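All remarks here apply to the structure that follows.
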Amino acid sequence: MRISKIFLSTASMALAATIAVAQEPPTFYKDTYPQHALASRLQAEAVLSGADAKLDAKTRELIALGVAAQIPCTYCVYFHDKAARAAGASEAEVREAVATSAHVRHWSTVLNGMAYDFDAFKAELDAMLASD
């Protein structure tokens, strides 16, 4: 089990490094993305995970997993689950990220579905946060 975690972590870092420096992107990138736009896509990904990034890899991957679950995208869920775990996310952190994304989606559905007054919502939320 330890060997597989090391391999997964190494594979994930190698994939990220390959993508970040745009030497040889994964086949699925080359087979699906417009060739003329691929270099700029790779550069954007590298910037988000580069030296100036404010979020660490685990946090970024947990966010991406939550978004992927909500889209929903089977490919994205698979990738970001593996990448989050390779970046050190525990089972509990993965579960919490997915549950948090479900929580956000729940309230989005309720508030939007009921056409709750946005100005009233903002006023109430601002008052709640000001008292903390």
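The values are calculated or read from the model by the stated rules, or taken from the named source; none is laboratory data. None of the values given here were measured: they were computed from a predicted structure. Please note: Cβ atoms are built from the backbone with ideal geometry, for glycine as well, and neighbour counts cover all protein chains shown. These accessible areas exclude ligands, DNA and RNA; they are computed on the full protein's heavy atoms, side chains included. Shrake-Rupley method; radii C 1.70, N 1.55, O 1.52, S 1.80 Å.
Under 22 Å from Ile63 (Cα atoms) and of a type outside the set (S, T, N, Q), is that true of Ala127? Judged against the criteria, Ala127 is not a match. Taking segment 59-103 as the range and being open to solvent by 50 Å² or more (accessible area, probe 1.4 Å), within 19 Å of Ser49 (Cβ to Cβ) and among the acidic types (Asp, Glu) as the test, only Glu93 passes.
Answer with yes or no whether Glu45 is in a helix (DSSP H, G or I), within 18 Å of the chain's Cα centre (by Cα), acidic (Asp, Glu) and at pLDDT below 95. Answer is yes for this residue. Filtering segment 28-58 down to residues that are farther than 28 Å from Glu96 by Cα and among the aliphatic types (A, V, I, L, M), which residue is surrounded by the fewest Cβ atoms within 10 Å (Cβ to Cβ)? Going through the qualifying residues, I end up with Ala37. Within segment 80-99, being assigned to a helix (DSSP H, G or I), within 22 Å of Phe28 (Cα to Cα) and either among the charged types (D, E, K, R) or over 10 Å from the mean Cα position of the chain (by Cα) (or both) holds for Asp81, Lys82, Arg85, Ala86.
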